[in-house]
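Enquirer: To start, I am sharing the structure in question, which I have written as structure tokens.
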Amino acid sequence: MNVDAIVVGAGPAGSTAAREIASRGASVLLLDRARFPRDKPCGGGVTVRCAELLPFSIDPVVEDAITHAHLRVRDGRDIERSAGGVITYMTQRRHLDAFLVEQAQARGVEFRDGQTVTDVIRLGDGTFEVRTKDEQHTARVVIGADGANGIVGNRLGYASIPDGAAALEGNIRFPDGVPARFRGKVVLNFGYVPGGYGWVFPKGDHVNVGVGGWKHAAGPRLRAALKHLCRLYDLDPESVEALRGHTLPMAAPGMTIAALGSAVIGDAAGLVDPLSGEGIYAALASGTAVAPAVADYLGGTTKGLEGYQATMERELLPENRASSALLEIFQASPDPFIWLMQHFGPFWGGACRLVRGEASYEGLTYTAGPLGHALLAPVSAVARQVNLRRHPRR
Ligand SMILES: Cc1cc2nc3c(=O)[nH]c(=O)nc-3n(C[C@H](O)[C@H](O)[C@H](O)COP(=O)(O)OP(=O)(O)OC[C@H]3O[C@@H](n4cnc5c(N)ncnc54)[C@H](O)[C@@H]3O)c2cc1C
């Protein structure tokens with residue numbers, strides 16, 4: 001096929017980019033190696049700020065709506081907090097991703113699943129050839145939405161993204177319905193897993209249990225930590241099904257994410273929020289941000305997709321940098337922060353406003369006055385040394 005744009009990878013980033021590009025009148029081919037619907041290691045939590053990036057409702061794939069959180073440090077006291085309304089929607093990725101692809105197809109995107117991309121070549125005239133085992137396609141634009149160290153970034157010379165974090169998750173079935181103690185609530189447990197947390201997320205007929213943290217420190221401990229988490233919340237660790245591990249890519253500052261007629265988005269660009277591990281928001285945000293740059297390039301008003309990089313440098317990347325700095329500070333000593341979330345209204349309220357998209361990490365640092373923001377970098381640098389001493393990178 002010869003099209004205006006090829007998007008490789010049909011996760012939330014790819015389907016969003018494909019839909020947004022097609023909505024602007026371009027012909028788009030969306031390729032994925034998996035047969036859809038497909039699953040993906042993920043908690044499937046879609047925050048309110050994330051859902052609001054979409055021009056349609058995700059209601060058809062929502063299995064629970066979260067209004068409360070259970071917060072605990074290690075084996076300490078479990079404190080329930082109300083968010084006063086919905087803060088996150090619970091979905092299963094197999095359904096969410098298929099639904100997002102359907103929305104792209106409704107906008108005219110040609111979707112082909114079961115098509116592993118094996119090579120991407122930039123031709124002399126600036127167009128691209130994309131090869132799968134059975135097919136060969138050409139396009140003026142190629143978007144890599146194929147996850148961490150995907151083939152598009154690799155073949156086009158983008159730097160590989162470090163695996164900042166690793167996570168392990170699985171499901172525990174409740175065929176007669178999820179117990180009331182989990183419905184409408186997220187369970188978050190801090191302190192066991194360095195650089196992250198453990199969770200229990202309610203779905204329609206099961207709960208998703210998981211643990212994630214810094215890959216270098218948490219990786220070897222994840223299995224034991226997941227078992228411990230299950231026991232702590234009266235769940236049988238032996239009943240966990242579909243246990244899967246995966247990494248979460250986190251880009252270093254200053255990495256290139258667009259060049260000439262190509263760009264990388266979502267996990268392929270390492271855009272996961274370091275503090276929360278939330279990646280679907282960045283997938284949708286980057287998939288949306290790349291589309292106007294593609295339209296300008298196809299329309300001949302720009303020489304490449306650098307406008308996308310500029311948008312991300314202005315909007316999402318400073319947030320991820322602030323998140324990364326806050327993660328170091330939080331992880332150096334989680335207990336007082338969790339105590340504040342458990343007992344101090346404004347602190348918990350700030351976390352809820354973040355998840356709803358009513359506040360930003362950068363904005364929150366200013367709530368302690370201009371000094372709060374100014375101190376973020378130096379305090380985070382000290383905290384990082386503490387964390388590195390405790391969990392050396394080998
Ligand atoms: C255990 C775990 C729990 C998580 N929980 C949450 C959560 O609750 N909420 C949240 O917001 N984020 C969560 N995340 C992060 C989130 O899953 C990712 O950030 C998100 O999936 C990124 O979307 P994406 O579209 O960029 O990539 P993906 O969803 O990974 O999609 C990439 C697609 O590319 C395809 N592909 C790869 N290579 C090729 C190829 N060569 N040819 C063709 N296709 C290819 C793959 O098949 C895949 O469909 C979690 C991550 C992990 C590991």
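Values quoted throughout were computed directly from the atomic coordinates according to the rules given, and no laboratory measurement underlies them. Note that the structure is a prediction, hence the values are computed from the model and not measured. Cβ sites come from the backbone with ideal geometry, for glycine too, and all protein chains shown count toward neighbours.
Enquirer: For a footprinting-style exposure proxy, rank Tyr89, Tyr366 by other Cβ within 10 Å, fewest first.
Expert: By the 10 Å Cβ count, ascending, the order reads Tyr366, Tyr89.
Enquirer: Taking neighbour Cβ counts within 10 Å as the exposure measure, how do Ile21, Ile66, Ile161 sort from fewest upward?
Expert: Least crowded to most crowded, the residues run Ile66, Ile161, Ile21.
Enquirer: Quick one: of Lys40/Lys227; Lys215/Lys303; Lys40/Lys303, which pairs are farther than 31 Å apart, Cα to Cα?
Expert: Pairs exceeding 31 Å: Lys215/Lys303; Lys40/Lys303.
Enquirer: Further question on the same structure: What Kirkwood hydrodynamic radius, in Å, does the range 286-394 give when the mean of 1/r is taken over all pairs of distinct Cα atoms and then inverted?
Expert: Answer for the range 286-394: a Kirkwood hydrodynamic radius of 16.3 Å.
Enquirer: Using helices alone, what [θ] at 222 nm do you get for the chain, with -39,500 (n - 2.57) per DSSP H run of 4 or more residues, divided over all residues and rounded to the nearest 500?
Expert: Per the formula, -11000 deg cm²/dmol.
Enquirer: Shifting gears a bit: In nm, what is the difference between 0.36 nm times the number of residues separating Arg314 and Val386 and their Cα-Cα distance?
Expert: Once the chain is fully extended between Arg314 and Val386, it gains 22.9 nm.
Enquirer: Continuing with the same structure: Using +1 at the C-beta of Lys and Arg and -1 at the C-beta of Asp and Glu, which of Phe111, Gln309, Phe347 has the Cα lying farthest in the positive direction of the dipole of the chain?
Expert: So the residue furthest toward the plus end is Phe347.
Enquirer: Please state the charge dipole magnitude for the range 320-390, taken about the Cα centre, from unit charges on C-beta atoms (+1 on K and R, -1 on D and E), reported in debye and rounded to the nearest 20.
Expert: 160 debye
Enquirer: Which lysines, if any, have their Cα less than 18 Å from the Cα of Lys185, not counting same-chain residues under 8 positions apart?
Expert: List returned: Lys203.
Enquirer: Provide Val142, Val379, Val290 in ascending order of the number of other Cβ atoms located within 10 Å of each residue's Cβ, fewest first.
Expert: Val379, Val142, Val290
Enquirer: Rounded to whole Å and sorted largest first, what semi-axes of the equivalent ellipsoid does the C-alpha gyration tensor of the range 54-182 yield via the square root of 5 times each eigenvalue?
Expert: In descending order, the three semi-axes are 40, 20, 14 Å.
Enquirer: How would you rank 341-354, 4-17, highest first, on the average number of other Cβ atoms within 10 Å across their residues?
Expert: 4-17, 341-354
Enquirer: Among His137, Leu248, Ser380, flag the residue with its Cα farthest along the positive direction of the charge dipole of the chain, charges on Cβ as +1 for Lys/Arg and -1 for Asp/Glu.
Expert: Ranked along the dipole, the leading option is Ser380.
Enquirer: I've got another one for you. Can you give me the three principal axis dimensions of the chain from its C-alpha atoms, in Å, biggest first?
Expert: The Cα atoms of the chain stretch 62, 53, 41 Å along the principal axes, largest first.
Enquirer: Where nothing but the Cβ of Lys and Arg (+1) and of Asp and Glu (-1) is charged, how large is the charge dipole of the range 86-168 around its Cα centre, in debye to the nearest 20?
Expert: In debye, rounded to 20, the range 86-168 gives about 120.
Enquirer: Taking the radius of gyration and the Kirkwood hydrodynamic radius from Cα positions alone, what is the Rg/Rh ratio for the range 1-81, to two decimal places?
Expert: My calculation puts Rg/Rh at 1.13.
Enquirer: I've got another one for you. Given N residues in the range 229-328, what is its alpha carbon radius of gyration divided by 2.2 N^0.38 Å?
Expert: The value comes to 1.40.
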